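Below is one structure, written out as structure tokens; comments come after it.
The values are calculated or read from the model by the stated rules, or taken from the named source; none is laboratory data. The structure displayed is predicted, hence computed values, not measured ones. No Cβ is skipped: glycine too gets one built from the backbone with ideal geometry, and neighbour counts run over all protein chains shown. These area figures cover heavy atoms from the full protein model, side chains too; ligands, DNA and RNA do not enter into them. Shrake-Rupley method; radii C 1.70, N 1.55, O 1.52, S 1.80 Å.
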Amino acid sequence: MLIIGLVVAAILGVAYVQWRTENPSLPRFGMASAAAVAGAAVTPIAMGQCGFAAEATGVDNLLAYGLMAAGAWLALIAVHALFDRADGRVKEESQMTGEIRTGGYRMGWWVPWVLLSPTLIILVVFLYYPAIRTFTLSTQLTRLGAPKSVEVCFGNFSELLITDPVKLVAYPLIALAAIYGAKLWFTRSAPGTLSRKGADVASVVAMLSVFVALYAMFSPGGGGQVAYRPVYINTVIISVGIVALGMMGGLAIAYLAFRNLRGGGVYRTLLIWPYAISPAVAGVLFFMIFDPTAGIFTHAMESWFGIDVPNYREHAALAMAAIILASAWKILGYNILFYLAGLQTVPLEQIEAAVIDGASAWQRFKTIVLPAVSPITFFLLVTNLTYAFFEVYATIDFMTKGAPAGRTSVAIYEIIRVGVNTGDLGRGAAQSVLLFIAVIGVTLWQFRTSGSRVTYGGA
Amino acid sequence: MKYRLLAVLAAISLIVAACGSGDDDTTTTAAAGGGDDGGGTAAEVIDIDFWVAFSDEARLGFAEDRAAEFNTKHPEYNVKVTSFASYNDAFDAAVLAVDSGEPPGLIHFFEAATRQALDAVDEAGNPIFKSVTEAIGGRSEILGEPVVLDDVVSAARNYYTVDGSFYSMPWNTSSTVMFNNMDMLNAAGITEPPATWADVEAACEALAALPDGPSGCITWPNHSWFVEQSMGQVGELLANADNGRTGRATEAYLESDGMLEYLNWWKSLSDAGYYTYTGLQRDWDGTSNAYIAGEVAMLIYSSSDTTFFDENTDFTNVASFMPRNGDVPYVGNLIGGATIWMLDGMDSATEDGALAFMNFFSNPENAAAWHQLTGYIPITQAAVDLLESQGWYEESPNSKVASDQLAAAANTPASLGALLGNFVGIRDIITIAIEDILVNDLDVATRMATANEEANKSLTEYEQLFGN
């Protein structure tokens, strides 16, 4: 089984050089094949080929092949960069190193390394080592203070997924096919035609199909599997909700506050304040507002209007809404701050010209302001999503503790609950790796889609 | 050139300053140490770290005050209290500290993780903790402090005695009691606190019939401890091997008849609108607030807050036994709380200091003061006698309920409570299942079957890691 994987990797290497690089040649075919095989072999060797052991399931094989493919792909990218350098082709001229490169380093090759070493040491000790440790932990069943740990191979991952390997391969491939299909349709249709409109719809559907495919791949629980599908749904709803509300609210408020008002400076400063509050305090504040017993909002509604407010923690939709509201409120100040800065770059003469041409306020906002702040929007999209993924733990812990029955338990909350509170380090690590992959995936996707639509101005 | 010289000078002055301040620190510490022990030399003072899992001022302050008293009484020792946010935080920190060679002397750890504490080992595979009984070795006093371990009330002694050895020194120990708003109950024609499940239902019906009755009737935290108490009451085991007391538990019994009956009763109370669910697991604050605010007439809670309720309620607050299933013979309630564990590997002088401190910490005066401060039971018989002689129980009858309830309990594996591996995780499994049942209106038997599967998996995995 391992051999098949390595042979495929070798063929992949040749194919890559043939179709993706500029100067294919025999030595380069050999080099790429060797690199792909080496890249593919790293993970099976590190994990003792456990993914292909006799007791490994179909899903285990699949995950092992997946890791081999990822290793081979990374190796090929490195080889490609090497070829480019050999051909004297450097893709992007870095602005920071441009000047220094011409002069070289006057004092010897080791000087930059010495100067970099404090940063490198910190990175290795506090970032790379813990990251590698997380990967090894994720393949174990282990607890703090336990006399031994058990190697479980991909067990911590496969229990989060459905058990049918065929479906597990098919769903992402279908989603991928949908995306490329929509792309193809888009390039073949002329702007302004009905076909282009159809292609636009198709690309949205294709994008959604990724979410659906992931939904179908996570296990609904039962039969010894962990019910991770609900966690996935919660994470998608709550993260999208926080980012959408936080960014739209941030832009709307910033746009209003940007106008020349009396005492505008004070007003703008006050708007930024929520950002200074920690997620835990945000949780406590909103808890105090909506708590069914002690909440201010609940009390006011009851005593002034006689409305009996239901306990938000007993209804999934209300609980999620409360979490989204609290988290979006907390990040609002940050978004306002950046949008206020961004709005200053909006070219005034264009707006004046638009006013003279008779454009309405909404048209001006849509066609001039929005594109002008698009770099900020893109930046905020990345940071807000990171916030929604990683920093909502405290807010959730204070407001719902995952109630009702786990419907507000998002990925990061689940990681801490499993890995820290119940001490199951292996499973916690495995879920961390999953979140890590998700963040990389979402960020890459953002760079490919929104990145191309961002205009950075300039001549 | 000039700037380079300046930079070098600046660097040198920084280094000198850093070294200088280091020297200063050492001097200050030595001087302070000398001052503390009243003239003795600094080298003779033995530090004993005591890690406490309380962070509130009252309870942490109690520990700090006792440590200060002990240090004054025994100037050759310096007991240092460090606060942790939770039992788990303190425990994890202790395991890591053992591996890095800087362990504390004493650590405060809770009852549910007794199995885990007994099984915890360092990197070389040696147990982290040492049995307190074994360390005392039959002495009746250590450094002049009378040994009180033998006098610990039986409910606590039996709970913490594993394989015949009393491992850790009980500190905060409580039981579940019910607090009753007698003003409300009297208004509904109920004169005595409800004793059985049927009594509770009758009281709730009567309260619901009142025109100006409370919005709810009864509440308690969705914490696994209350489930465990109810299983003790009806004599139902939570796991095999006599609740993990005659061997290692490998199978959970979360779908036993007693469990299903109890949860069905709980669900029926909730469906009828009598039980108020705050919507959070382990919600001590929310349930306590609901009782103090008069939104419910009855609260099943830990006796640890008896003094707090006596002082903070503006109605007649009466404590009573935890209500039980009247159709089944009563077996017994169990304790909850935490003990002080002693780490292995101290030299004999340090160990004696740690033992002396533990016995000083729970001497009759201190144990009685601790009880009066909180409502945790007086942990030794001598402390009970002292409180009786002071007339405390006449003055504060609610304080005696938990002790009486524990004294009435039979000494069986069911009423002692379970010793399970991964107990914290299994408790989570139980409370999540209950929340699911209450909020999503699920069938009790089906949901608990799933929970039992999860608990069994958890126990199996624990044995894979910790079993022989």
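Which ones in the range B:111-151 are part of a strand (DSSP E or B) and farther than 21 Å from B:Val79 by Cβ? Hits for the range B:111-151 are B:Val121, B:Pro127.
Answer with yes or no whether B:Ala369 is open to solvent by 10 Å² or more (accessible area, probe 1.4 Å), assigned to a loop (DSSP other than H, G, I, E, B) and away from every other protein chain (no Cβ under 14 Å).
Working: open to solvent by 10 Å² or more (accessible area, probe 1.4 Å): yes; assigned to a loop (DSSP other than H, G, I, E, B): no; away from every other protein chain (no Cβ under 14 Å): yes.
Against the criterion (open to solvent by 10 Å² or more (accessible area, probe 1.4 Å), assigned to a loop (DSSP other than H, G, I, E, B) and away from every other protein chain (no Cβ under 14 Å)), B:Ala369 does not qualify.
Scan the range B:144-160 and give yes if some residue there is more than 14 Å from chain A (Cβ to nearest Cβ), closer than 30 Å to B:Pro323 by Cβ and of a type in the set (Lys, Arg), otherwise no. Yes: one or more hits.
Residue by residue, here is whether (1) under 19 Å from the mean Cα position of the chain (by Cα); (2) open to solvent by 30 Å² or more (accessible area, probe 1.4 Å) holds:
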residue	(1), (2)
B:Ser288	yes, no
B:Met298	no, no
B:Phe308	yes, yes
B:Val318	no, yes
B:Met322	yes, no
B:Met342	yes, no
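The set of residues from the range A:287-299 being open to solvent by less than 20 Å² (accessible area, probe 1.4 Å) and either assigned to a helix (DSSP H, G or I) or at pLDDT 90 or above (or both) comprises just one member, A:Thr298. Looking at B:Phe110, B:Phe84, B:Phe70, just one residue is modelled with pLDDT of 90 or more, more than 16 Å from the chain's Cα centre (by Cα) and open to solvent by less than 60 Å² (accessible area, probe 1.4 Å), and that residue is B:Phe70. With (1) open to solvent by 40 Å² or more (accessible area, probe 1.4 Å); (2) in a helix (DSSP H, G or I); (3) within 14 Å of chain B (Cβ to nearest Cβ) as the list, and A:Ala280 as the residue in question, which single condition is left unmet? Failing condition for A:Ala280: (1). Quickly run through the range A:300-331 and pick out the residues that are open to solvent by 30 Å² or more (accessible area, probe 1.4 Å), among the aliphatic types (A, V, I, L, M) and part of a helix (DSSP H, G or I). Result: A:Met301, A:Ala317, A:Leu318, A:Ala321, A:Leu325.
Quick check on A:Thr377: is it surrounded by fewer than 19 Cβ atoms within 10 Å (Cβ to Cβ) and within 27 Å of the chain's Cα centre (by Cα)? Answer is no for this residue.
Here B:Arg427 passes the criteria (1) within 14 Å of chain A (Cβ to nearest Cβ); (2) crowded, with 23+ Cβ neighbours inside 10 Å; (3) touching a His at 6+ places or on another chain (Cβ under 9 Å) except the one numbered (2).
Counting the residues of the range B:272-291 that are more than 21 Å from A:Ala319 (Cα to Cα) and without any contact (Cβ under 8 Å) to a residue 24 or more places away in the chain gives 1.
How many residues, within the range B:253-271, are part of a helix (DSSP H, G or I) and open to solvent by 40 Å² or more (accessible area, probe 1.4 Å)? Full working, then the answer.
To start, the set of residues in the range B:253-271 that are part of a helix (DSSP H, G or I) comprises B:257-271.
Among the residues that remain, those that are also open to solvent by 40 Å² or more (accessible area, probe 1.4 Å) are: B:257, B:261, B:264, B:268, B:271.
Total meeting the criteria: 5.
Within the range B:77-113, the residues that satisfy the criterion of being within 14 Å of chain A (Cβ to nearest Cβ) and among the aliphatic types (A, V, I, L, M) are B:Ala85, B:Ala90, B:Ala93, B:Ala94, B:Val95, B:Leu96, B:Ala97, B:Val98, B:Ile107, B:Ala112, B:Ala113. Check whether at least one residue in the range A:380-393 is within 21 Å of the chain's Cα centre (by Cα), within 13 Å of another protein chain (Cβ to nearest Cβ), over 30 Å from A:Gln344 (Cβ atoms) and modelled with pLDDT of 90 or more, and report yes or no. Scanning the range A:380-393 turns up no residue that is within 21 Å of the chain's Cα centre (by Cα), within 13 Å of another protein chain (Cβ to nearest Cβ), over 30 Å from A:Gln344 (Cβ atoms) and modelled with pLDDT of 90 or more.
Okay, residues lined up against (1) modelled with pLDDT under 95; (2) closer than 23 Å to B:Leu406 by Cα; (3) touching a strand residue (DSSP E or B) at 6+ places or on another chain (Cβ under 9 Å):
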| site | (1), (2), (3) |
| --- | --- |
| B:Gln229 | no, yes, yes |
| B:Gly258 | no, yes, no |
| B:Ser270 | no, no, no |
| B:Ala293 | yes, no, no |
| B:Met298 | no, yes, yes |
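Going through (1) open to solvent by 50 Å² or more (accessible area, probe 1.4 Å); (2) outside any helix (DSSP H, G or I); (3) hydrophobic (A, V, I, L, M, F, W, C) one by one, A:Ala227 falls short only on (1). Within the range A:399-422, residues that are within 8 Å of chain B (Cβ to nearest Cβ) have Cβ atoms under 6 Å from residues that are of a type in the set (D, E, K, R) in these pairs: A:Thr400/A:Arg313; A:Ala403/A:Arg313; A:Pro404/A:Glu314; A:Ala405/B:Glu435; A:Ala405/B:Asp436; A:Thr422/B:Asp428, counting only partners at least 6 apart in sequence or on another chain. Considering the range A:1-31 alone, what residues qualify as being among the small types (Gly, Ala, Ser) and either touching a residue at least 40 places away in the same chain (Cβ under 8 Å) or part of a helix (DSSP H, G or I) (or both)? A:Gly5, A:Ala9, A:Ala10, A:Gly13, A:Ala15, A:Gly30, listed by residue number. Residues of the range B:143-161 that are open to solvent by 10 Å² or more (accessible area, probe 1.4 Å), in contact (Cβ under 8 Å) with a residue 60 or more places away in the chain and over 19 Å from B:Ala402 (Cβ atoms): B:Leu143, B:Gly144, B:Pro146, B:Val147, B:Val148.
Listed here are the residues, each with its yes/no results for (1) under 23 Å from A:Asn421 (Cα atoms); (2) within 25 Å of the chain's Cα centre (by Cα); (3) within 14 Å of another protein chain (Cβ to nearest Cβ); (4) in a helix (DSSP H, G or I).
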{"residue": "A:Leu144", "(1), (2), (3), (4)": "yes, no, yes, no"}
{"residue": "A:Phe157", "(1), (2), (3), (4)": "yes, yes, no, yes"}
{"residue": "A:Leu168", "(1), (2), (3), (4)": "no, yes, no, yes"}
{"residue": "A:Pro172", "(1), (2), (3), (4)": "no, yes, no, yes"}
{"residue": "A:Ala178", "(1), (2), (3), (4)": "no, yes, no, yes"}
{"residue": "A:Gly181", "(1), (2), (3), (4)": "no, yes, no, yes"}
{"residue": "A:Thr187", "(1), (2), (3), (4)": "no, no, no, yes"}
{"residue": "A:Ala190", "(1), (2), (3), (4)": "no, no, no, no"}
{"residue": "A:Lys197", "(1), (2), (3), (4)": "no, no, no, yes"}
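Only one of the listed residues (B:Thr460, B:Thr450, B:Thr380, B:Thr446) is more than 30 Å from B:Ala369 (Cα to Cα) and either touching a residue at least 40 places away in the same chain (Cβ under 8 Å) or not assigned by TED's automatic domain parsing to the domain that holds B:Ala241 (or both). That residue is B:Thr460.
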